Amino acid sequence: MQLVVARIGRAHGIKGEVTVEVRTDEPELRLGPGAVLTTDPASAGPLTIETGRVHSGRLLLRFEGVSDRTAAEALRNTLLIAEIDPEELPEGEDEYYDHQLIDLDVVTADGTEVGRITEISHLPTQDLFIVERPDGSEVMIPFVEEIVAEIDLEEQKAVITPPPGLIDDRAEVASGRDDVSGREES
């Protein structure tokens, strides 16, 4: 099975290094020297990692056969894809690969059907479940502990405890004013 582990960013320097946007919780395992990765688009690869280092909080990689800035810049926006065993699971107890979460049924704690996970969106601050509702509309659910109460892979479901307004129109409007009539208190 294939797993997207990074996206190549801009060239760094003149010796063929590139910045990468890491999309794996295991970069030391997936993006280490010697790793051979397929690419999207396929015409850019496969690529073998020659070196890797962290510079100013960003991971920089250099690939075999890519030795100058022009060649590095040509790889910009290429996805790096690792081949993994479908039975392999992440090391952490509450960690999941995207393929394990796609197609899970999403239900509230009281059993109300919300929909089905069709996509995982990886944002800098948090991940989002993109959930297709039975009526065909979509709702985005933050994949955070406060909202996603349980992931049950055996039952193929994600149990959520959404705050008011996340999946329906029960939003509560709070006002900072005690007196809404417009009178000033003395």
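Proximity of backbone amide H atoms, modeled 1.01 Å from N, is registered between Thr78 and Ile8 at under 5 Å, excluding neighbours fewer than 5 places apart on the same chain.
Each part reduced to its alpha carbon centroid, segment 106-142 and segment 41-76 end up 34 Å apart. Considering only Glu26, Glu64, Glu155, the Gaussian network model of the chain with Cα springs below 10 Å gives its largest mean-square fluctuation to Glu155. With distances taken between every two different alpha-carbon atoms, the chain has a Kirkwood hydrodynamic radius of 19.4 Å.
Using a Gaussian network model on the chain with a 10 Å cutoff between Cα atoms, which of Glu83, Glu28, Glu150 fluctuates the most? Looking only at Glu83, Glu28, Glu150, the largest GNM fluctuation is found for Glu28.
A short reminder: the numbers here are calculations on the coordinates, not readings from a lab. Predicted model only: the values in this text are computed from it and were never measured.
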